[in-house]
Amino acid sequence: MSHASHAIADRRSTLLWLALLAATALTWAIGEGHASGPAIAALLLAVAMAKGTVVILDFMALARAPLLWRIALLGWLALVCALIGLAYWKGMP
Amino acid sequence: MHAAKHTLSPSLPAEPRLAGDLAIWIFILAELLAFGLFFAAYAFARAHDPALFAAEQEALNRNAGAINTALLLTASYFVVRAVHAAEAGRGRQGARWLLAALGCAGGFVVIKLAEYAAAFDAGISLSSSTFHMFYLSLTFFHFMHVLLGMVILGALWLNARRGRYGPRDMNGIETGAAYWHMVDLVWLVLFPLVYVIR
């Protein structure tokens, strides 16, 4: 039983890791394609938030932590990305 | 049932708990706050001169930035596997995952140093522009955290080799793992912010 649950946890982490690498490739490709503009910036920030959420909930194991800790880290991520988005918007011509 | 004894097994919901020492999590919050302020300062400085930031950002090596993102993510994944191995009572086997994570972190350091060398060769310094001031200080601040993370991973590796971690001795490895994941998490915002968003 315990062996099976550890194997499931390992497989889950492996899939998430591959998804994180794919998301990184997407960010890289957008950069290489020289795409710009508010929609692209929003997409890049959404990808960063999705990646950060995986690391926070799964790798840092905060999915199983007390709610306040989960809120603190996910809140940090959301606030930082929101501030970056706001600054981007302020810098638009 | 096994999973009921310690809450890390994902199959059974147990009492919520933080993985690792409370102290490291307080420290992580402080670090995240510092990085968050730094990121916001960059973003609002950029808003004053988006054209300058776009032009100088364009000269950065995005391949190096993306490979380094992959290296940090992979190191994080290896650390997760080491934690899982310890939980499953295979702590010594987890040592190999930790060594692999250290290898990835070392790769990050080598690539980052090559980026710095190329920048200095091109005459870039802290005072050459607002963008470069931020690029160098922000990435160097993060770089120092990678180095500290490597010291921690090295200590975990030595302990894991000695069989120090197991289902009832998770605190040390969980504490070190949490720090390493924080180093990774911060870079996940830094990479698009400094290298890509324009």
### Task
Would you calculate, for the protein assembly as shown, the mean residue ellipticity at 222 nm contributed by helices, counting each DSSP H stretch of 4 or more residues as -39,500 (n - 2.57) and dividing by all residues, to the nearest 500?
-26500 deg cm²/dmol
#### Entry: Prolate/oblate/rounded label for the range A:8-93 (Cα gyration tensor, a/c 1.5)
oblate
### Label-point gap, in nm, between A:ALA82 and B:THR130 - each point 7 angstrom along Cα→Cβ
2.5 nm
### Task
Set the Förster radius R0 to 41 Å, insert the Cβ-Cβ distance between B:ALA64 and B:ASN171 as r into 1/(1 + (r/R0)^6), and round the FRET efficiency to 0.05.
0.70
#### Entry: Karplus 3J(HN,Hα) series, Hz, for the range A:40-45 with 6.51 cos²θ - 1.76 cosθ + 1.60 (x for Gly, Pro)
5, 4, 5, 5, 4, 5
### Task
Work out from phi, with θ = phi - 60° and the Karplus expression 6.51 cos²θ - 1.76 cosθ + 1.60, the ³J(HN,Hα) of each residue of the range B:150-155, listed in order in whole Hz, and give x for Gly and Pro.
5, 4, 5, 4, x, 5
### Task
Just read off the accessible area of B:ARG90 with the full protein assembly in place, 1.4 Å probe, to the nearest 10 Å².
80 Å²
#### Entry: Vicinal HN-Hα couplings computed from phi for the range A:87-92 (Karplus, 6.51 cos²θ - 1.76 cosθ + 1.60; Hz; Gly/Pro x)
5, 4, 4, 5, x, 6
#### Entry: Hypothetical label at B:ALA51: residues of the range A:73-93 whose amide nitrogen lies under 19 Å (7 Å Cα-Cβ projection)
A:88-93
### Query
Do you know the relative contact order of the range B:85-198, to the nearest whole percent, from alpha carbon pairs under 8 angstrom that are 6+ apart?
39 percent
## Note on the structure
Sorted by chain and number, the residues with a modelled amide H under 5 Å from that of B:ASP21, at a separation of 5 or more or across chains, are B:THR175
### A:THR24 - accessible surface, heavy atoms, 1.4 Å probe, Å² rounded to 10
10 Å²
### Message
Let me check something: with ligands and nucleic acids excluded, how do A:THR14, B:THR130 order by accessible area (1.4 Å probe), largest to smallest?
### Response
B:THR130, A:THR14
### Relative contact order %, chain B, counting alpha carbon pairs below 8 Å whose residues are six or more apart
33 percent
## Note on the structure
Check: C-alpha center the range A:35-93 vs C-alpha center the range B:155-169, spacing in Å is 33 Å
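The values are calculated or read from the model by the stated rules, or taken from the named source; none is laboratory data. Note that the structure is a prediction, hence the values are computed from the model and not measured. We place every Cβ from the backbone using ideal geometry, glycine too, and count neighbours over all the protein chains shown. The protein model used for the area step is the full one, side chains on, heavy atoms only, and it has no ligands, DNA or RNA in it. Shrake-Rupley method; radii C 1.70, N 1.55, O 1.52, S 1.80 Å.
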